[in-house]
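In what follows, a single structure is set out as structure tokens and then discussed.
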Amino acid sequence: MGTFTFNPALINIQDMIRLRLSEHDIIIKSKSLNIQDAYAPKLPPVLTDRKLLYIVLQNIILNSIKYTPANGSINISVSCKSKGERINDKNVPKDCILIVVSDTGYGISKEEHKKIFTKLFRTSTVRKIDTDGTGLGLYLSRAIVDHLDGELWFTSELGKGSTFYVTIPTTNK
């Protein structure tokens, strides 16, 4: 495998995220999760690959749902960022859409941060909670976002939750 086919189309990020959330409505309700989603006004459609972006959003949103305990919270925000703006300690290298998925889940220990995007890696906390994962979701998501010329990174604290950041360029390469 090792390659991605890129089939560009204009994508409405808000619609795509809401569809991902609706696909997991049963789990969200069974865990009584508080989901908040916020979108900047007049978000432009993004020219990107629908299937590839679907995989990224599916992995990040589903991980947030799976690894947030009952009665927890998940916040999703989407905004436009301009080249040179700062997001935490990062400079935005180009105009982009920023997707932020933040949760009050189990979090990731500092020792495991450097391994989170490696193939077949699952955190020690997750292995205790969910024995069915493959450890490929975030690895694949990072590869896809890199292919889409965006960025994917996170912040996390064990026991306090995680925040994943995805940028998708709004301009061509």
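The values are calculated or read from the model by the stated rules, or taken from the named source; none is laboratory data. If you're wondering where the values come from, they're calculated on a predicted model, not measured in any experiment. We place every Cβ from the backbone using ideal geometry, glycine too, and count neighbours over all the protein chains shown. For accessibility, only protein heavy atoms count, side chains too; no ligands or nucleic acids. Shrake-Rupley method; radii C 1.70, N 1.55, O 1.52, S 1.80 Å.
Residues whose amide H lies under 5 Å from that of residue 87, counting only those 5 or more places away or on a different chain, are 92; hydrogens are built 1.01 Å from N in the peptide plane. Does region 23-69 come out rounded, prolate or oblate by the C-alpha gyration tensor, with a ≥ b ≥ c the root eigenvalues, rounded set by a/c under 1.5 and, if not, prolate when a/b is larger than b/c and oblate if not? It is oblate, given that a/c is not under 1.5 and a/b is not larger than b/c. Considering only beta bridges that DSSP places wholly inside region 1-90, some 45 percent are antiparallel.
How about region 14-61: which trypsin sites (Lys or Arg not before Pro) there lie in a loop by DSSP and see at most 13 other Cβ atoms within 10 Å?
42
Considering only beta bridges that DSSP places wholly inside the chain, some 80 percent are antiparallel. Mean residue ellipticity at 222 nm, helices only, the chain: -8500 deg cm²/dmol; runs of at least 4 DSSP H residues each add -39,500 (n - 2.57), and the sum is divided by the number of residues.
With all protein chains present, how much of the accessible area of the chain (probe radius 1.4 Å) comes from carbon and sulfur, to the nearest whole percent? The computed percentage sits at 53.
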